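Step one of this worksheet: look at the structure below.
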Amino acid sequence: MRTPLTFAALVALAACLAGPASAEPYFHSSIDGNWTDSEYNDGICHYYYSRDASDGETHVNRYGDCSHIVIGPGGQAIALLPPPSAAVVPRY
């Protein structure tokens, strides 16, 4: 016999799932010699970025869904603007 989920259980489950995504994004960058290393984590996307300034060698490791950001110079995360929504024009 299946027991139905109560509203309180659904709210608790949604809070657990949405918790990391609603937290403040983490970004850290450091420079060591020619290498620039950056890490970003917003609960949805987590990436590591490394770049060697002497030869331009760049490495990026992405985990999760990073489709909502672009990795900019120095490894900074730049948020993409949401696509424009279709305007509904009322007919008279």
Task: Unique match (being within 14 Å of the chain's Cα centre (by Cα), at pLDDT 90 or above and either of a type in the set (Asp, Glu) or surrounded by 13 or more Cβ atoms within 10 Å (Cβ to Cβ) (or both)) among 63, 48 - done: 48
- [ ] Answer yes or no: is there a residue in the range 22-43 that is out of contact with any strand residue (DSSP E or B) (no Cβ under 8 Å at 6 or more places or on another chain), assigned to a helix (DSSP H, G or I) and either modelled with pLDDT under 95 or over 14 Å from residue 75 (Cβ atoms) (or both).
- [x] yes
- [ ] Would you be able to tell me the number of residues in the range 44-67 that are over 15 Å from residue 27 (Cβ atoms) and assigned to a loop (DSSP other than H, G, I, E, B)?
- [x] 7
Open item on the list: Need pairs with beta-carbon distance below 6 Å; first residue surrounded by fewer than 18 Cβ atoms within 10 Å (Cβ to Cβ) and within the range 30-43, second charged (D, E, K, R); sequence gap 6+ or separate chains.
Closed with: 30/37; 34/52; 35/52
TODO: Could you list, in sequence order, all residues of the range 51-60 that are surrounded by 12 or more Cβ atoms within 10 Å (Cβ to Cβ) and farther than 18 Å from residue 78 by Cβ?
DONE: 52
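The values are calculated or read from the model by the stated rules, or taken from the named source; none is laboratory data. Since we're looking at a predicted model, the values are computed, not measured. Please note: Cβ atoms are built from the backbone with ideal geometry, for glycine as well, and neighbour counts cover all protein chains shown.
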